Amino acid sequence: MKYDIKNISLAKKGKLRIEWAMNNMPVLNLIRKRFEKEKPLKNTRVACCLHVTTETAALALTLKSAGANISICASNPLSTQDDVAASLVKDYGIPTFSIKGEDNKTYYKHILSALESKPEITMDDGADLVSVLHKKDYGFMPMGGTEETTTGVIRLKAMANDGVLKYPVIAVNDALTKHMFDNRYGTGQSTIDGIIRATNKLIAGTNFVVCGYGWCGRGVAMRAKGMSANVIICEVDPLRAIEASMDGFMVMSLSKAAKIGDIFVTTTGDVSVIRREHFLAMKDGAILANSGHFNVEIDIPELKKLSVKTRIIRDFVEEFTLKSKKRIYILGEGRLINLAAAEGHPAQVMDMSFANQALSAEYIRRHHGELDNQVYPVPKDLDERIAFLKLRSMGITIDKLTERQKKYLSSWQEGT
Ligand SMILES: NC(=O)c1ccc[n+]([C@@H]2O[C@H](COP(=O)([O-])OP(=O)(O)OC[C@H]3O[C@@H](n4cnc5c(N)ncnc54)[C@H](O)[C@@H]3O)[C@@H](O)[C@H]2O)c1
């Protein structure tokens with residue numbers, strides 16, 4: 001069959017898929033071309049703890065073209081695309097330590113393998129590299145690091161506040177060109193994609209509960225609404241709850257939503273959001289997925305205690321039968337469903353996220369001597385440059401302020 005690519009090698013499949021992603025990453029491609037000439041990371045050792053996807057491969061090739069020596073491990077045991085890992089090793093000679101479905105012990109062993117290079121820059125998604133490096137003295141300390149996600153930034157800021165952070169880190173997540181697009185449109189689309197790939201369920205007409213109406217939650221809610229679900233939002237922040245209501249969603253406590261929900265998605269970055277009392281209130285057949293960073297948002301250990309039987313019923317779908325014979329389905333072990341059952345964010349949004357990563361690594365190399373052991377934002381001019389490049393790559397032109405407008409907007413005298 002023409003489209004049957006089962007017979008090509010894993011690495012070859014990965015290489016083709018990396019090429020496909022790179023076709024959709026124009027901003028990163030521009031940066032890579034400049035890096036090839038200028039070599040801003042020449043001989044710099046960089047360890048990346050990121051989801052090993054086609055887009056991450058595009059970032060790795062960008063760092064390599066800048067002259068960096070990279071090693072890679074996964075930032076989640078289920079998020080590795082094995083064909084990409086194979087291609088990174090075989091085609092590009094980049095040491096990559098990750099296997100989809102690795103257990104926790106192997107996951108941490110792989111983090112240690114990535115750290116064997118004694119990196120000068122760490123690139124994290126969830127702050128696992130940083131936290132491993134802070135648990136023991138490995139005889140080296142990086143000059144700086146970057147952090148990709150909300151949960152990692154929260155962990156790092158807590159470390160900085162406690163005065164224990166030992167090197168500066170740039171919060172890539174907080175760049176506007178990152179979270180406004182990656183967290184919202186990326187998580188929105190890929191979370192729905194993961195749920196559909198795992199379950200093949202019709203979304204239309206379902207009561208679709210989203211816990212957390214932050215950047216990710218907004219994206220998931222928006223896309224579920226677009227597929228004609230009845231979307232219900234659960235929040236703890238009053239402002240976000242008002243926003244959800246005025247965006248046209250039903251807003252209620254999770255104890256109420258638990259009784260009527262068909263599909264539940266957590267996107268809070270919080271712990272034990274869906275727990276015992278909610279499992280007990282749920283309908284038979286409720287489907288639960290998480291798209292927040294760690295697998296702690298759904299209290300699966302508690303669900304196990306309530307269950308008399310569990311079985312895997314489809315790839316990434318585990319059925320829990322309670323004493324009452326009610327069945328609850330957990331998708332992808334409660335880990336990031338968009339990466340466990342789908343392919344993570346599309347390349348078009350990772351283009352901006354990873355442009356921030358690449359430029360932040362260059363910034364650290366140049367400016368680490370001026371930085372304290374704190375969490376820093378991505379410099380505003382880098383964020384703006386990425387926005388302009390992305391816009392240009394999308395073929396969109398926008399208006400420019402006239403001199404008269406600039407003067408008007410910066411003066412307090414001219415009101416009428
Ligand atoms: N799936 C992915 O690929 C992906 C991508 C980006 C970020 N993330 C992760 O998703 C999570 C959310 O990120 P974000 O950028 O949307 O954060 P955010 O801070 O913008 O939003 C989190 C929201 O959850 C709410 N919340 C907290 N505890 C809650 C609870 N118990 N019940 C209901 N709501 C609660 C908060 O009030 C907030 O509005 C983080 O863990 C982040 O790392 C995942």
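Measuring against 31 Å, Cα to Cα, the residue pairs 225/407; 33/136; 105/157 contain 225/407; 33/136 as the ones spanning a longer distance. Averaged over its residues, the chain has an accessible area of 48 Å² per residue, based on protein heavy atoms and a 1.4 Å probe. Where a ≥ b ≥ c are the square roots of the eigenvalues of the C-alpha gyration tensor, would you call the range 330-404 rounded, which needs a/c under 1.5, or, failing that, prolate if a/b is larger than b/c, or oblate? Because a/c hits 1.5 or more and a/b fails to exceed b/c, the range 330-404 counts as oblate.
Do any GluC sites (Glu not before Pro) in the range 96-177 lie in a loop, going by DSSP, with at most 16 other beta-carbon atoms within 10 Å of their beta carbon, and if so which?
Qualifying residues, ordered by number: 116.
The fraction of accessible area contributed by carbon and sulfur in the range 185-340 is 53 percent, rounded to a whole number (1.4 Å probe; ligands and nucleic acids excluded).
Residue by residue, the range 253-269 carries 3J(HN,Hα) couplings of 5, 5, 5, 6, 5, 4, 6, 10, x, 9, 10, 10, 10, 9, 9, 10, x Hz when phi is fed to the Karplus relation 6.51 cos²θ - 1.76 cosθ + 1.60 (θ = phi - 60°); x denotes Gly or Pro. Sorting the segments 247-260, 172-185 by their mean number of nearby beta carbons within 10 angstrom, highest to lowest, gives 172-185, 247-260. If only the Cβ of Lys and Arg carry +1 and only the Cβ of Asp and Glu carry -1, the dipole of the chain around its Cα centre is close to 820 debye. Distances between placed amide hydrogens fall under 5 Å for residue 144 paired with 122, all partners being 5 or more residues away or on another chain.
Compute the Cα gyration tensor for the range 85-187, then decide on rounded, prolate or oblate, letting a ≥ b ≥ c be the square roots of its eigenvalues: rounded whenever a/c is under 1.5, prolate when a/b is larger than b/c in the other cases, and oblate in all that remain.
Oblate shape, in that a/c is at least 1.5 and b/c is the bigger or equal ratio.
Residues in the range 294-300 carry Karplus couplings, in order, of 9, 8, 10, 6, 9, 7, 5 Hz; the curve used is 6.51 cos²θ - 1.76 cosθ + 1.60 with θ = phi - 60°, and Gly or Pro positions show x. With the highest mean first, a sort of the peptides 376-382, 294-300, 46-52 on other beta-carbon atoms found within 10 angstrom per residue produces 46-52, 294-300, 376-382.
Taking a straight line from the alpha carbon of residue 400, these lysines sit under 27 Å away, with near neighbours fewer than eight places off in the same chain left out: 178, 380, 390. Taking amide hydrogens as placed 1.01 Å from N in the peptide plane, the amide H of residue 75 sits under 5 Å from those of 50, 51, 52, each at least 5 positions away in sequence or on another chain.
Could I get the Rg over Rh figure for the chain? Both from C-alpha atoms, Rh via Kirkwood, rounded to two places. Looking at the chain, the ratio lands at 0.99. Each peptide in 31-42, 72-83, 268-279, 134-145 receives the mean, over its residues, of other Cβ atoms within 10 Å, and ordering these scores from highest gives 72-83, 268-279, 31-42, 134-145. Charge tally around residue 24: other residues with Cβ under 12 Å, Lys/Arg +1 each, Asp/Glu -1 each, net -1. In this structure, the amide hydrogen of residue 232, modeled 1.01 Å from its nitrogen in the peptide plane, lies closer than 5 angstrom to those of 208, 209, 210, counting only residues at least 5 positions away or on a different chain. Among 263, 196, 313, the largest mean-square fluctuation in a Gaussian network model of the chain, built with springs joining Cα atoms closer than 10 Å, belongs to 313.
Note on the chain: with a GNM built from Cα contacts shorter than 10 Å, the maximum mean-square fluctuation among 203, 337, 398 falls on 398.
The values are calculated or read from the model by the stated rules, or taken from the named source; none is laboratory data. Note that this is a predicted model, so its numbers are computed, not measured. Cβ: placed from backbone, ideal geometry, glycine included. Neighbour counts: every protein chain shown. Each accessible area value is taken on the protein alone, full model and side chains, heavy atoms only, with ligands, DNA and RNA left out. Shrake-Rupley method; radii C 1.70, N 1.55, O 1.52, S 1.80 Å.
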